[in-house]
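**Q** The structure's right below; bear with me while I get my questions together.
None of the figures in this text is laboratory data; all of them are computed from the coordinates on show. These figures come from a predicted structure and were not determined experimentally. Cβ placement follows ideal geometry from the backbone for every residue including glycine, while neighbour counts extend to all protein chains displayed.
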Amino acid sequence: MDDSVVGEEPSLSGAADSGRPGTPTTFTEALEKACPVYIMYGMTYRQFWYGPAEMVTAYRKAYELKLKSENELAWLKGAYTYQALCSAAPLYRFSMQNKVEALPYLDKPFELGEKKTAREIELDEKVKDMSEGEANAYNYMKMFARAANAHKAQQARTGQDRSDHAGR
Amino acid sequence: MSKVISFNYGGKDYKLEYNRDAIRAIEREGFSFSEQFGKKPFTETEILFRNAFLMHHSGIKSSTVNEIFNAFPRKTELIEALYTMALETANSIFEEPAEGKNLNWTIQ
């Protein structure tokens, strides 16, 4: 929409006699213009003209999701390319003294889905800075804590079951 | 979900609903959504009512449509409902503004 004021005389280059140029004047015109767009969204010609009215909403939303997913995929591809370039970067650093080797490429894909909490990320970062012995001890403690928590949860469930039985 | 008017006439179930093809047919017959509704009440009503059969009962005879129309009680309410249904179908292609970007409005 341009910046003209409602009630002002339309400029010669702006609106035509029956609305702005390219603006549909009837619903038929608007629907005919929209039809190819919805075919691009994945609807068939038949679905568009003869299907239930609300069908277009689902296709429109699905297309938005598809675009979002494609965008994320493109971003992911870029991230892998960047990672690969960074891994190979040492090879392009010329040195007469030192033998240069490429860093290994990622041994597994990036983790998708649930993201780690800030605390988990912080702890993982700490482990990276630890010596091998410290890291082993940390991992052992983590396993111990996990096992203890699982045991506690199990006990709580058993206690609940017992009280349920006693209540009956 | 688009609105549907359901009824039984002569032992047969009918559903009145509009699809985009019906909107095209309505305008092809000279009905204008941009003009004030009720200018030509008889013609407008007839066009709206007849084309509401297009989606589910496209082969129905005009005489049957007229008989059904005559049998309908609360006609004003019916026509208002049909007009709203047609308008909703026509507007279905236009996107609703995203949440947070829409404004509140009231009729006073």
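**Q** Round to the nearest 0.05 the FRET efficiency obtained for A:Arg119 and A:Thr81 when R0 = 22 Å and r is the Cβ-Cβ distance. Please list the in-between numbers first.
**A** Numbers: r = 31 Å, r/R0 = 1.40.
Plugging the Cβ-Cβ distance into 1/(1 + (r/R0)^6) gives 0.10.
**Q** Then there's this: Could you list the GluC sites (Glu not before Pro) in the range A:63-113 that lie in coil according to DSSP, counting only those with at most 12 other Cβ atoms within 10 Å of their Cβ? Before the final figure, lay out the partial values.
**A** Numbers: sites: A:Glu64, A:Glu70, A:Glu72, A:Glu101, A:Glu111; in loops: A:Glu101, A:Glu111.
Filter output for the range A:63-113: A:Glu101, A:Glu111.
**Q** Going by how many other beta carbons lie within 10 Å of each one, how would you line up B:Arg20, A:Arg46, fewest first? Intermediate values should be presented prior to the final figure.
**A** Numbers: B:Arg20 29, A:Arg46 9.
In increasing order of surrounding Cβ atoms, one gets A:Arg46, B:Arg20.
**Q** Only Cα pairs under 8 Å and at least 6 apart count here; give the relative contact order of chain B as a rounded whole percent. Show your work: numbers first, answer last.
**A** Values: 75 pairs, mean separation 34.1, N = 108.
Relative contact order comes out at 32 percent.
**Q** Test of understanding: ordering A:Tyr63, B:Tyr18 by Cβ neighbours within 10 Å, fewest first, what list do you get? Don't jump to the answer; show the numbers that get you there.
**A** Values: A:Tyr63 16, B:Tyr18 27.
So the ranking, lowest neighbour count to highest, is A:Tyr63, B:Tyr18.
**Q** Which of the residue pairs A:Lys99/A:Lys126; B:Lys12/B:Lys75; A:Lys68/A:Lys108 have a Cα-Cα distance greater than 27 Å in the structure shown? Please report the intermediate quantities before stating the final value.
**A** Working: A:Lys99/A:Lys126 30 Å; B:Lys12/B:Lys75 21 Å; A:Lys68/A:Lys108 24 Å.
A:Lys99/A:Lys126, as the Cα separations exceed 27 Å there.
**Q** Considering only C-alpha atoms, what is the centroid distance from the range B:54-108 to the range A:50-93, in Å?
**A** With the range B:54-108 and the range A:50-93 each reduced to a Cα centre, they are spaced 39 Å.
**Q** For the residue pair B:Phe33 and B:Lys15, what label-to-label distance in nm results when each label sits 7 Å from Cα along the Cα-to-beta-carbon direction?
**A** 2.2 nm
**Q** Give me the inter-chain shielding for A:30-42: mean count of other chain Cβ atoms within 10 Å, whole number please. Spell out each step's value before the answer.
**A** On the way: counts 6, 9, 2, 1, 4, 2, 0, 1, 2, 0, 0, 0, 0.
Taking all residues of A:30-42 together, the mean is 2.
**Q** Here's another thing I want to ask about it. If the chain between A:Phe94 and A:Asp129 were fully stretched, how many nm would it gain, using 0.36 nm times the residue separation less the Cα-Cα distance? Walk me through the numbers on the way to the answer.
**A** Numbers: separation 35, 0.36 × 35 = 12.60 nm, distance 2.88 nm.
That works out to 9.7 nm of additional length.
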